[in-house]
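**Q** Submitted below is the structure of interest, expressed as structure tokens.
The values are calculated or read from the model by the stated rules, or taken from the named source; none is laboratory data. Model, not experiment: these values are computed from the prediction. Every residue, glycine as well, gets a Cβ built from its backbone with ideal geometry; the counts of neighbours run over all protein chains shown.
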Amino acid sequence: MGLTTALGLAKLGHSVVGVEINPEKLHSLNSGKLPIYEPGLESELLGSLKSGRVVLKAAIQDATSDSKMFFICVPTPQDDVGAADLKFVIAASKDVAEHASPDSVVVIKSTVPVGTGEMLRSLIGRDDISFASNPEFLREGSALQDFMEPDRILVGADTSKVSDNVLALYANIDAPKLSTSVKSAELIKYAANAYLASRLSFVNDLAALCEQVGADVDDVVSGMGSDSRIGSRFLHPGPGWGGSCFPKDTRALVSVAQNNGVSLGVVGAAIQSNDNAFSRVVTRLKSLLGNELNGKIIAVWGLAFKANTDDTRDSPSLEIIKRLLSKGSKVTAFDPIASAPNWEGLTQVETAVEAATNADALLILTEWSEFSQVDPKPIANVMSGSVVLDTRRILPVEKWSSEFETFKILGNGA
Ligand code: UGA
């Protein structure tokens, strides 16, 4: 998010100094190499470094002399009790405040619980600098595009002067600009992520019902989504939702609500429903394999939490693999980009065919588009079993069901 923000602001015509305190990452970025996989970002980085619109430095002191706006883009991981851990935000804000000149604005882009801006202001105790909240809504896999073409730009600030200053940075983006208090902006970010996650939990529960009653979830969702009050986006069923944001943000929101004596029952239920979604995949696969997972070889296609990223943080795929391993299965996994953890019983291979070789069942867990191009015939030839379960609904049904005795897709009982 930090790199995307730096490159995006540079693309908007601003001059940006990026600060990266990890020396290895800094070195890699300064040689034009991304330490992560994110489509389109590397070429943008190279261009911006070359033109000098972005310079990357190791310490905040190197960024303070001319800068008036400081964007804090550090992570807010989950702590032991599910709340957001603010240590990086606090450290970065203190660092900035120590060096910032009067009238600077510290803009928090990290996802932080409501009240963080207020807390930082009193912690730092400098009345001559302001704090603003400018949550980011980009998705991994389409980060730069989401930054440049957002649905809205949100700024929370205490005064309209500060808010206008931050919004002015985005003047060249044609999107609705929303101005709120710092607290409302902080809460909007969590509300949006929790709502989207709850929506997916609803769809995934519905997919389970479709399987039981013989309906098809795609038809149900498209019928439901054609009501303009509902809309059709972000309703695709899957093996459960994951990634570096939804799991931690839903838990952090529940935790904030609890601390304030409010029960966010819907969000709590969405988190529980997501765990049920992982279990359902394991249970269905088990029943397709004659009620036995122990000793089975399962081929898994997809390790990343979604397509077009190498990110496996809180990946549904890894959660499901973990459950399969605990039932005594062996897993052979393939992902075009993401890497598998070093778990006993889990082997990562280089190709989709290699993963399928000698497998009793094939499980599709990430929606990489290249999986839908694979010819099922050679896959059927190398597998020892004839079970395929597509939890992302991306394989062409006719082609695959003609090659496999048991070809099943999530959300369809047939
Ligand atoms: C999410 C939000 O979508 C962004 O708006 C937000 O800025 C970001 O979190 C954040 O807080 O930083 P991201 O985590 O990149 O973005 O991933 P999503 O595209 O939202 O997907 C999250 C999970 O939901 C994935 O596991 C994905 O496979 C799943 N998903 C998504 C579905 O199962 N079905 C869908 O229709 C959409």
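**Q** Take G231 and tell me if it is out of contact with any strand residue (DSSP E or B) (no Cβ under 9 Å at 6 or more places or on another chain), buried (at least 19 other Cβ atoms within 10 Å of the Cβ) and either part of a loop (DSSP other than H, G, I, E, B) or free of Cβ contacts under 8 Å to residues at least 24 places away in the same chain (or both).
**A** no
**Q** Then there's this: Which condition does H236 not pass, out of (1) in a helix (DSSP H, G or I); (2) under 20 Å from T366 (Cα atoms), if it passes all the others?
**A** (1)
**Q** Quick one: in segment 35-49, of everything that is small (G, A, S) and in a helix (DSSP H, G or I), which residue is surrounded by the fewest Cβ atoms within 10 Å (Cβ to Cβ)? Walk me through it before giving the result.
**A** Initially, segment 35-49 is screened for residues small (G, A, S), giving 40, 43, 47-48.
When the remaining residues are screened for being in a helix (DSSP H, G or I), the result is 43, 47-48.
Working: S43: 12, G47: 15, S48: 23.
So the residue we want is S43.
For every residue, the table says whether it meets (1) in contact with a Gly (Cβ under 9 Å, 6 or more places away or on another chain); (2) in contact (Cβ under 8 Å) with a residue 40 or more places away in the chain; (3) surrounded by fewer than 17 Cβ atoms within 10 Å (Cβ to Cβ).
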{"residue": "N204", "(1), (2), (3)": "yes, yes, no"}
{"residue": "Q212", "(1), (2), (3)": "yes, yes, yes"}
{"residue": "D218", "(1), (2), (3)": "yes, yes, no"}
{"residue": "D227", "(1), (2), (3)": "no, no, yes"}
{"residue": "G240", "(1), (2), (3)": "no, yes, no"}
{"residue": "C245", "(1), (2), (3)": "no, yes, no"}
{"residue": "K248", "(1), (2), (3)": "yes, yes, no"}
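**Q** Pull up segment 164-188, narrow it to residues that are more than 30 Å from G40 (Cβ to Cβ) and assigned to a helix (DSSP H, G or I), then point me to the one that is farthest from the ligand (Cβ to nearest atom).
**A** Once the filter is applied, the top-ranked residue is D164.
**Q** Which residue pairs have Cβ atoms closer than 6 Å, lie 6 or more positions apart in sequence or on different chains, and pair a first residue in segment 135-155 that is assigned by TED's automatic domain parsing to the domain that holds L9 and in a helix (DSSP H, G or I) with a second residue that is surrounded by 20 or more Cβ atoms within 10 Å (Cβ to Cβ) and among the hydroxyl-bearing types (S, T, Y)?
**A** Cβ pairs passing all conditions: A143/T4; L144/T4; F147/T4.
**Q** Give me the pairs, please: first residue somewhere in segment 117-131 and farther than 13 Å from P102 by Cα, second residue anywhere and hydroxyl-bearing (S, T, Y), beta-carbon distance under 8 Å, and either six or more positions apart or on two chains.
**A** G117/S133; L120/S93; L123/S93; I124/S93
**Q** Exactly one condition in (1) over 30 Å from L41 (Cα atoms); (2) within 16 Å of the ligand (Cβ to nearest atom); (3) crowded, with 22+ Cβ neighbours inside 10 Å is false for A304; which is it?
**A** (1) is the only condition that A304 fails.
**Q** L200 - would you say it is modelled with pLDDT of 95 or more, within 16 Å of the ligand (Cβ to nearest atom), in a helix (DSSP H, G or I) and under 30 Å from T159 (Cα atoms)? Please lay out each step first, then the result.
**A** Details: modelled with pLDDT of 95 or more: yes; within 16 Å of the ligand (Cβ to nearest atom): yes; in a helix (DSSP H, G or I): yes; under 30 Å from T159 (Cα atoms): no.
No.
**Q** Continuing with the same structure: Which ones in segment 148-166 are in contact with a Gly (Cβ under 9 Å, 6 or more places away or on another chain) and over 16 Å from V107 (Cα atoms)?
**A** Within segment 148-166, just M148 meets the criteria.
**Q** Looking at segment 16-30, which of its residues are touching a helix residue (DSSP H, G or I) at 6+ places or on another chain (Cβ under 9 Å) and either among the small types (G, A, S) or not assigned by TED's automatic domain parsing to the domain that holds F71 (or both)?
**A** Selection gives G18 alone.
**Q** Please tell me if A191 is more than 30 Å from S48 (Cβ to Cβ), in the same structural domain as A338 (by TED's automatic domain parsing) and either free of Cβ contacts under 8 Å to residues at least 40 places away in the same chain or part of a helix (DSSP H, G or I) (or both).
**A** On the way: more than 30 Å from S48 (Cβ to Cβ): yes; in the same structural domain as A338 (by TED's automatic domain parsing): no; either free of Cβ contacts under 8 Å to residues at least 40 places away in the same chain or part of a helix (DSSP H, G or I) (or both): yes.
No, not satisfied.
**Q** Let me ask something additional. Considering only segment 167-180, I want to know if a residue exists there that is in contact with a Lys or Arg (Cβ under 8 Å, 6 or more places away or on another chain), surrounded by 18 or more Cβ atoms within 10 Å (Cβ to Cβ) and not charged (D, E, K, R).
**A** Yes - at least one qualifying residue is present in segment 167-180.
**Q** Going by the structure shown, is D310 within 16 Å of the chain's Cα centre (by Cα), surrounded by fewer than 22 Cβ atoms within 10 Å (Cβ to Cβ) and assigned by TED's automatic domain parsing to the domain that holds T391?
**A** On the way: within 16 Å of the chain's Cα centre (by Cα): yes; surrounded by fewer than 22 Cβ atoms within 10 Å (Cβ to Cβ): yes; assigned by TED's automatic domain parsing to the domain that holds T391: yes.
Spelling it out, D310 is indeed within 16 Å of the chain's Cα centre (by Cα), surrounded by fewer than 22 Cβ atoms within 10 Å (Cβ to Cβ) and assigned by TED's automatic domain parsing to the domain that holds T391.
**Q** Criterion first (assigned by TED's automatic domain parsing to the domain that holds M69, of a type in the set (K, R) and in contact with a Phe, Trp or Tyr (Cβ under 9 Å, 6 or more places away or on another chain)) does K11 satisfy it? Give the derivation first.
**A** Details: assigned by TED's automatic domain parsing to the domain that holds M69: yes; of a type in the set (K, R): yes; in contact with a Phe, Trp or Tyr (Cβ under 9 Å, 6 or more places away or on another chain): yes.
When the stated conditions are applied, K11 passes them.
**Q** If you check V256 against the conditions, is it away from the ligand (no atom under 15 Å from the Cβ) and part of a loop (DSSP other than H, G, I, E, B)?
**A** Details: away from the ligand (no atom under 15 Å from the Cβ): yes; part of a loop (DSSP other than H, G, I, E, B): no.
No.
**Q** Which residue, of V96, V112, V74, is modelled with pLDDT under 95, crowded, with 17+ Cβ neighbours inside 10 Å and not in a strand (DSSP E or B)? Give the steps one after another, and end with the answer.
**A** Values: V112 fails: modelled with pLDDT under 95; V74 fails: modelled with pLDDT under 95.
Just a single option satisfies the conditions, and that option is V96.
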